[in-house]
1. Within the stretch 31-85, can you find the residues that are open to solvent by 10 Å² or more (accessible area, probe 1.4 Å) and among the acidic types (Asp, Glu)?
2. Would you mind telling me which numbered condition in (1) part of a helix (DSSP H, G or I); (2) out of contact with any Lys or Arg (no Cβ under 7 Å at 6 or more places or on another chain); (3) more than 17 Å from residue 53 (Cβ to Cβ) residue 331 fails?
3. Have a look at 80, 10, 6 and point out the one that is in contact with a strand residue (DSSP E or B) (Cβ under 8 Å, 6 or more places away or on another chain), outside any loop (DSSP other than H, G, I, E, B) and of a type in the set (A, V, I, L, M, F, W, C).
4. Taking residue 68 as the residue in question, decide whether it is at pLDDT 95 or above and within 12 Å of the ligand (Cβ to nearest atom).
5. Please enumerate the residues belonging to the stretch 250-262 that are near the ligand (Cβ under 9 Å from one of its atoms) and either open to solvent by less than 10 Å² (accessible area, probe 1.4 Å) or closer than 12 Å to residue 212 by Cα (or both).
6. Could you please give the count of residues in the stretch 86-113 that are buried (at least 20 other Cβ atoms within 10 Å of the Cβ), in contact with a Ser or Thr (Cβ under 9 Å, 6 or more places away or on another chain) and over 20 Å from residue 149 (Cα atoms)?
7. For the stretch 226-276, how many residues are in contact with a Ser or Thr (Cβ under 9 Å, 6 or more places away or on another chain) and among the acidic types (Asp, Glu)?
8. Looking at 127, 133, which is the one that is closer than 20 Å to residue 72 by Cβ, open to solvent by 40 Å² or more (accessible area, probe 1.4 Å) and among the basic types (Lys, Arg)?
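The values are calculated or read from the model by the stated rules, or taken from the named source; none is laboratory data. Computed from a predicted structure; not experimentally measured. Methodologically, a virtual Cβ is constructed for each residue, glycine included, from the backbone with ideal geometry; neighbour enumeration extends over all protein chains shown. Only protein heavy atoms, including side chains, enter the accessible area calculation; ligands, DNA and RNA are left aside. Shrake-Rupley method; radii C 1.70, N 1.55, O 1.52, S 1.80 Å.
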Amino acid sequence: MSLYPIFKSIVFKLDPEVAHHLTMELMRKFSFLYPTHKIDPRLSFKRNGLVFPSPFGLAAGLDKNAEVVSFLTKLPFGFIEVGTVTPKSQGGNERPRLFRYPEIESLRNRMGFNNHGLVTMDRNIKRSLKHQRLLGVNVGKNKITSNEDAHLDYEKLLVHFDKMTEVDFLVINVSSPNTPGLRSLLQDTALSKLFETLETHQWLKPIYLKISPDMSESELKSVIEILKNSKIKGLIATNTTIMTEFGEGGMSGKILFEKARKVRNFLLQQLKGNADIHLIGVGGFSSFSEIKEYWINGGDVVDLYSSFIFQGPELLYELENDLLEDMINVKAPDFEHYLKAIRS
Ligand SMILES: Cc1cc2nc3c(=O)[nH]c(=O)nc-3n(C[C@H](O)[C@H](O)[C@H](O)COP(=O)(O)O)c2cc1C
């Protein structure tokens, strides 16, 4: 029996950010009591030089400073993304900055990259166990850094984490709605400065670009064009969406699903046959059937965040079981063959 509904009924009475910090503290202190889940080896999936132990991952923003990697990697997550980390520590926006909408299983946040910076992230990662899961580091620019100099922040972080043996992949976040001007980095000129910087290095790890669901089809097309001639090996779609009727910040969870789904489907269509750019799907996923539809359309690994908050770790055990059952139904010996079977 899952204890999460009881835990949630207590914690959801608290202010969302207080609840978050309390849960982080519990994950950190009592991780040793929690059993490490052994992911079924049939779920492993190779892409971009990486072996994802399972197609279900944790999106960035929950563990901004890599404080609870040792706990999160005990769960049935095949990979987790920590961050967004900026070069220097920064406090983020004023509170309240995290809001729950339980009736629609959605969240709104305007956190503003609150994090302890590169040095703390480095130290925390080195102290962590990652239980044979993949670890991605998601990087962003400091609020005080101008867009003209943003490429220097990204360069510093990417060069640093690329060298860390504990880190498996890197993510450039240019899509948070909560740092003024960040999304305008996606305009061709600012992005090309960043891309020029990337060209000057030999990267050991695959780099992904995380994008917003609020981009038009023509903007998405131009991002793909730039990516084709760059060192970036993947896209993560999507970040949170702006819906001013709810207030300032970015919306995630069920309310985001349709918008993010459209963007992902468009990208999958555009990337068809382009093995050089890997897409990680994220945004609003809360059930096996939604994820299966993404797989049928050509996607593979997915990230979760809000549904994990509303449904708890049980969701992950269920997703893994549902997938294994469906693999048996279609007589697929592993995830790779399963994808072929459901797409044919
Ligand atoms: C409270 C909160 C904080 C987040 N912080 C970050 C962040 O620091 N960096 C980032 O790339 N995405 C961040 N995200 C976005 C998530 O990684 C994810 O892209 C988004 O929530 C959509 O997925 P979901 O609908 O499954 O939650 C955050 C989301 C939430 C709810």
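1. Result: 40, 67.
2. Condition (1) is where residue 331 drops out.
3. Values: 10 fails: in contact with a strand residue (DSSP E or B) (Cβ under 8 Å, 6 or more places away or on another chain); 6 fails: in contact with a strand residue (DSSP E or B) (Cβ under 8 Å, 6 or more places away or on another chain).
When all the criteria are applied, what remains is 80.
4. So residue 68 does not fit the description; no.
5. Within the stretch 250-262, the first condition is being near the ligand (Cβ under 9 Å from one of its atoms), and the residues that meet it are 250-257, 260.
Within the stretch 250-262, 250, 251, 252, 253, 256, 260 qualify.
6. 5
7. To start, the set of residues in the stretch 226-276 that are in contact with a Ser or Thr (Cβ under 9 Å, 6 or more places away or on another chain) comprises 226, 236-242, 246, 249-257, 259-260, 263-264.
Now drop any that are not among the acidic types (Asp, Glu), which leaves none.
Within the stretch 226-276, residues that are in contact with a Ser or Thr (Cβ under 9 Å, 6 or more places away or on another chain) and among the acidic types (Asp, Glu) number 0.
8. Only one candidate passes the filter, namely 127.
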